[in-house]
Amino acid sequence: TVTDTQKLANAFGHQGIAKAKLSVGANVVTQVDDSRREAIKLNHSATHLLHAALRELVGEHVAQKGSLVDDEKLRFDFAHYEAVTTEQLISIERLVNAQIRQNHELTTKLMELDEAKASGAMALFGEKYDEKVRVVSMGNFSTELCGGTHVSRTGDIGLCKITSESGIASGVRRIEAITGEAAINYVQEQAYLLQNAANILKVEPINLIERINNNQDQLKSTEKSLNQAKQQLASQQGSDLMNQVQVIKEHNVLVANLPDVEVKALKGMLDELKQKISSGIIVLGVPGDGKVNLIAGVTSDLINKIKAGELVNFVASQVGGKGGGRPDMAQAGGTKPENLEHALTSVYGFISEKL
């Protein structure tokens with residue numbers, strides 16, 4: 001099974017895997033995989049059309065920087081200073097398929113290298129050519145120096161479908177495409193997905209984008225209303241928590257375990273509680289699935305006695321975590337929610353010692 005070919009002077013070496021033991025001088029019989037070869041022909045010829053279309057629609061600065069052609073796809077790397085736009089890709093694909101439908105006959109000629117270049121044949125920069133070269137032409141649209149295998153007429157390609165465009169290096173872009181039956185299968189699969197999406201949203205495919213945009217607007221509106229409701233709920237919970245305030249050495253202290261509060265609401269709740277408490281210390285904990293979230297706040301008049309960072313780390317160390325922050329506000333996390341209640345209870349003793 002041949003996996004690669006290499007040009008060795010004027011000969012072509014075939015590299016691959018043998019099913020039997022070989023020795024120097026042995027006779028072998030070679031056979032081309034016709035179905036694979038036919039698929040490669042389609043992709044190779046489409047590469048020439050793609051190159052010509054890029055130079056016509058994107059600019060004559062486009063130059064081939066590499067390519068891969070196999071029986072599944074084609075890949076074409078080229079010099080270009082920015083991404084090819086969606087509109088440009090559509091135009092390129094249209095132009096390539098227009099040339100396919102024109103069913104140009106492919107002609108090949110052996111010519112002197114200088115003669116071939118003078119005729120306008122595209123040559124790869126840096127490529128070494130013999131004095132006699134093979135020139136492949138597709139009507140007046142594409143003429144390149146090439147020794148590869150090609151279709152007899154461009155119509156044999158059937159269809160060319162660009163599947164991706166990306167950047168692979170500074171100033172080098174890559175286009176991947178498929179042809180023939182693979183392209184038809186791809187188009188049908190995309191149409192099937194589009195129709196399924198339209199069916200799910202109960203619209204015709206042509207109205208799908210409008211429906212998606214409407215759904216996105218509704219989702220944003222719902223999220224906004226939900227966030228407002230969460231803030232109102234957090235505010236109500238904050239008011240209820242004020243009933244749990246204890247006084248330690250004439251200072252207000254609020255310590256609470258809040259299993260039903262969303263972590264995102266903690267900071268807002270802390271800010272609101274600090275305003276309500278005026279002067280004091282707050283520690284809030286939220287247990288979750290195998291984790292704990294903590295937040296501590298100290299009003300400005302007390303940060304010379306107790307730092308929020310020290311306080312939150314005291315609690316976090318008991319629930320398998322650590323954290324940090326400013327003297328007036330700090331957060332932490334842990335992995336042992338089962339220890340949270342005990343850790344929060346110990347806060348009163350810690351504060352009493354500091355005050």
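The values are calculated or read from the model by the stated rules, or taken from the named source; none is laboratory data. In this text the structure is predicted, and so the values were computed from the model without any measurement. Ideal geometry is used to build each Cβ from the backbone, glycine not excepted, and the neighbour counts take in all protein chains shown. Ligands, DNA and RNA are excluded from the accessible area calculation, which covers all protein heavy atoms including side chains. Shrake-Rupley method; radii C 1.70, N 1.55, O 1.52, S 1.80 Å.
What are the semi-axes of the equivalent ellipsoid for the stretch 125-187, taken as the square roots of 5 times the Cα gyration tensor eigenvalues, largest first, in whole Å?
On the way: eigenvalues 127, 88, 17 Å².
Those come to 25, 21, 9 Å.
Say the cut-off is 25 Å between C-alpha atoms; which of LYS19/LYS65; LYS230/LYS307; LYS230/LYS274 go over it? If you can, show how the numbers build up before the last one.
On the way: LYS19/LYS65 36 Å; LYS230/LYS307 29 Å; LYS230/LYS274 19 Å.
Table pairs above 25 Å Cα-Cα are LYS19/LYS65; LYS230/LYS307.
In vacuo Debye scattering of the stretch 74-123, one point per C-alpha: log10 I(q)/I(0) at q = 0.12, 0.17, 0.28, 0.33 Å⁻¹?
The computed values of log10 I(q)/I(0) come out as -0.48, -0.86, -1.04, -1.15.
Please compute the Cα-Cα pair-distance distribution of the stretch 214-312 with 5 Å bins starting at 0, giving whole percents from short to long.
So the P(r) values, bin by bin, are 2, 12, 22, 21, 16, 11, 7, 4, 3, 1, 0, 0.
Could you give the spread of the C-alpha atoms of the chain along their three principal axes, from largest to smallest, in whole angstroms?
101, 58, 40
List the aspartates and glutamates whose Cα sits under 15 Å from the Cα of LYS322, skipping any in the same chain fewer than 8 residues away.
Leaving aside aspartates and glutamates fewer than 8 places away in the same chain, those within reach of LYS322 are GLU310.
Kyte-Doolittle mean at least -0.5 and Cα extent at least 24 Å along the axis: which DSSP H helices of the chain qualify? Present the calculation step by step, with values, prior to reporting the outcome.
Working: long enough: 34-57 (34 Å, -0.53); 180-200 (31 Å, -0.06); 208-241 (48 Å, -1.22).
Answer set is 180-200.
Determine the distance separating the Cα centre of the stretch 100-130 from the Cα centre of the stretch 148-203; give it in Å without decimals.
Distance between centres, Cα-based: 27 Å.
To check you understand DSSP bridge types, tell me what percent of the beta bridges within the chain (both residues inside) are antiparallel, rounded to 5.
Antiparallel: roughly 90 percent of the beta bridges in the chain.
Ranking request for peptides 176-182, 82-88, 160-166: highest mean number of other beta-carbon atoms within 10 Å first, then the rest in descending order. Could the numbers behind the result be given before it?
Numbers: 176-182: 20.6, 82-88: 12.3, 160-166: 16.9.
My ranking of the peptides, most packed first, is 176-182, 160-166, 82-88.
If I take R0 = 25 Å and measure r between the Cβ atoms of GLN190 and ALA83 in this structure, what FRET efficiency does the formula 1/(1 + (r/R0)^6) give, to the nearest 0.05?
About 0.70, to the nearest 0.05.
Keeping the other protein chains in place, figure out the carbon and sulfur percent of the accessible area of the chain, with a 1.4 Å probe. Walk me through the numbers before you get to the answer.
Details: 10420 of 21420 Å².
Its accessible area is 49 percent carbon and sulfur atoms.
Quick check on the stretch 214-352: of the DSSP beta bridges with both residues there, what percent are antiparallel, nearest 5%? Intermediate results must be reported in sequence, preceding the final value.
Working: 20 of 26 bridges.
Of the beta bridges lying entirely in the stretch 214-352, close to 75 percent run antiparallel.
Give the distance, in whole Å, between the Cα centre of the stretch 1-36 and the Cα centre of the stretch 274-337.
Computed from Cα coordinates, the inter-centre distance equals 72 Å.
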